[in-house]
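Notes follow the structure.
Derivation of every value follows stated rules applied to the coordinates shown; laboratory data play no part. This one's a predicted model, so the numbers in the text were calculated from it and none came from an experiment. Counting neighbours? That spans all protein chains shown, and the Cβs are built from the backbone with ideal geometry, glycine included.
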Amino acid sequence: MRKSFAVIFVFFLVSAASIAQDGLGPIQVDGGKVSGEYVEDVHVFKGIPYAAPPIGAFRWQPPQPVQSWDGIMNANTFGNECPQPGYPEGSLYARPKLPQGEDCLNLNIWTEILSTTAKRPVMVWIHGGGFTRGSGATPTYNGTQLAKKGVVLVTINYRLGVYGFFAHPELSAESEQKSSGNYGLHDMIAALKWVKKNISQFGGNPNNVTIFGESAGSLAVSNLIGTPLARDLFHKAIGQSGAALSPMPELSEEVNGIKSAEQVGLDFMAATGATNLDELRALSSEKLLDIFINDEKGKEFRSRANIDGWMYKESVMQAYNRGRHNDVPALVGFNQDEMTAFVPESRIPKTVEDYVTYMVNLHRGDYKEFSQLYPVNEVADIKDAFIRSRTEAGFGLSMDTWARKTVEGNSPAFLYYFTRTPPIPNNEYYGAFHAAEITYAFNNTRLRPQNYNEVDEKLADTISDYWVNFARLGDPNGPGLPHWPVYDSVKEAYMELGDNPVWKTELRKEQMDFWERRADW
């Protein structure tokens, strides 16, 4: 009896030591210890701070080191979203309002294994929303299914709108680097530094990090590729419908008709009635957001990166052209009908005559060539030509160019074209709309209220496999998947991600060539 008790006691001690070694208890991270929850065989940690709250004197400052806490933080609840306006009523992206506050620099983690020896690939998701909306807590970004496929999934929050991109001469003067703006990008870099230092505690490999995002999140991915401040913080990049390749504003000078970032900030300050930075910092978060949303001058504020001499000494495109970008493998692409989400059906011209008038005014001397590439012979042709032309000018060219610029460096690129129409209301109009692919990339069709069917579920399984394989090895291909050729400047291969994924060549080549000849980069 005593022998049996001794064996059981020893087994208990060994098991306890194993649990401690594997990290199944509270996890030590920068700032203190955190505990999460175990859901669907996945460990989930929500709302972990990666920097100090950017409030008070820290408003419009680069993120500061995270503040320590006592005891064990219960990381079972998402942290604040960064202050933001809601989407307009009727928007495809409208969702219930979640708690907001300037204390919003937090991240969330999904992982199957809590072990420092697991060294699983890490995927860090940067949400979209025009740099003015969104958060890492959006249900579509639930990382459970990707974690089950063998990665550690991280979603982050970063400062938005005037909180994340406000530049001003007084801010530049108080900065050691004489720069201002770009705070949202500094947040992303701080989060990546946190991942590099802490993610091994969650089973992740800090030397195998993939950043990925959609829309503004994809713009952010390309922004991070273009800044030396993010060097060695990530090793692969996935961009979904957005690339920051156009000319960027300068910090203090207007160049080529682009207003300087500081002048944009001065205009915003004037809208608030504040006369100096101290008064502006004293305004409540609610007051700033109200001006940003409702004041005519406030609404002119644009959330975008600027060439500040610190984050950027040159534009992202210039960094690519001069070989000074962060040279990593890239998987990039866009959706067939991106612009349906931005153009209400009521704004589509109703007659061929109205369509021709609109396009002649828009393209003038180029209209003849344009009309051959996007022919409209009857009313039934209008919607497709209108949406495709806007989609390919606004998204297609930049993603195709991103793939080409990656290959011109020393890294492989993989280009995709998403064509599946999800089962949402009025999907006959929306088609493969902007952000439609996200649910598939996260393999979360089962979480959505729409009637996704077996075709959708199979496609989601395939796309998420591609994304995970790319994060693992820099190549989306794997057993049981349709082959996805690497992009090159000769065949220009791409994968069409539709009802039946298949690879093709020269994606809308004549149309892309037309837009490239007219590009401002």
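Annotations
- The convex hull of the Cα atoms of the chain, projected and averaged over all directions, covers 27.3 nm².
- Bridge type composition, the stretch 2-246 - antiparallel percent by DSSP, nearest 5: 45 percent
- Only helical runs count toward this figure. For the chain, summing -39,500 (n - 2.57) over DSSP H runs of n ≥ 4 and dividing by all residues gives -10000 deg cm²/dmol at 222 nm.
- Degrees, to the nearest 10: 216-225 long Cα axis against longest axis of the chain: 80 degrees
- For the stretch 2-246, relative contact order (Cα pairs under 8 Å, six or more residues apart, normalised by length) works out to 19 percent.
- Eigen-decomposition of the gyration tensor built on the alpha-carbon atoms of the stretch 67-109 gives equivalent ellipsoid semi-axes of 28, 11, 7 angstrom, largest listed first.
- Cleavage-rule hits, GluC sites (Glu not before Pro), the stretch 78-183, DSSP coil, Cβ neighbours within 10 Å at most 15: Glu89, Glu176
- Straight-distance crosslink candidates among aspartates and glutamates, where the alpha carbon sits under 14 Å from Lys350 and sequence neighbours closer than 8 are dropped: Glu378, Asp381, Asp384
- Orientation-averaged projected area, Cα convex hull of the stretch 218-299 (nm²): 7.7 nm²
- Rounded to 10°, Cα long-axis angle of helix 397-408 versus longest principal axis of the chain: 60 degrees
- Between the residues Ala137, Gly203, Gln177, the greatest Cα displacement towards the positive end of the dipole of the stretch 89-204, with unit charges on the Cβ of Lys, Arg, Asp and Glu, is found for Gly203.
- Within the shell defined by Cβ-Cβ distances under 15 Å, the residues around Ser260 carry a net charge of -4, with Lys and Arg each +1 and Asp and Glu each -1.
- With Cα atoms, 0 to 90° folded angle of helix 379-391 axis to the chain main axis: 60 degrees
- Expressed in Å, the radius of gyration and Dmax of the Cα atoms of the stretch 2-246 are 19.5, 78.
- If you look at the Cα atoms of the stretch 18-121, you get an Rg and a Dmax of 16.4, 52 Å.
- In this structure, the amide hydrogen of Asn208, modeled 1.01 Å from its nitrogen in the peptide plane, lies closer than 5 angstrom to those of Val122, counting only residues at least 5 positions away or on a different chain.
- When the convex hull of its Cα atoms is projected in every direction, mean area for the stretch 397-521 (nm²): 8.9 nm²
- Normalised size of the stretch 362-406, defined as Cα radius of gyration per 2.2 N^0.38 Å with N residues, equals 1.35.
- Per the Cα gyration tensor, the stretch 149-245 maps to an equivalent ellipsoid with semi-axes of 26, 16, 11 Å, ordered largest to smallest.
- Among the GluC sites (Glu not before Pro) in the stretch 375-426, those located in a DSSP loop and surrounded by at most 14 other Cβ atoms within 10 Å of their own Cβ are Glu378.
- Dipole magnitude for the chain: computed about the Cα centre from +1 point charges on Lys and Arg Cβ and -1 point charges on Asp and Glu Cβ, it is near 1460 debye.
- Contact order relative to length of the chain, as percent, for alpha carbon pairs under 8 angstrom and 6 or more apart: 13 percent
- Secondary structure note: in the chain, about 35% of the DSSP beta bridges are antiparallel.
- Flagged links, alpha-carbon separation over 21 Å, of Lys46/Lys197; Lys383/Lys491; Lys405/Lys509; Lys148/Lys405: Lys383/Lys491; Lys148/Lys405
- Inter-centroid distance (Cα atoms) of the stretch 478-521 relative to the stretch 56-100, Å: 37 Å
- When Glu262, Glu369, Glu510 are sorted by how many other C-beta atoms sit within 10 angstrom of their C-beta, beginning with the fewest, the order is Glu510, Glu369, Glu262.
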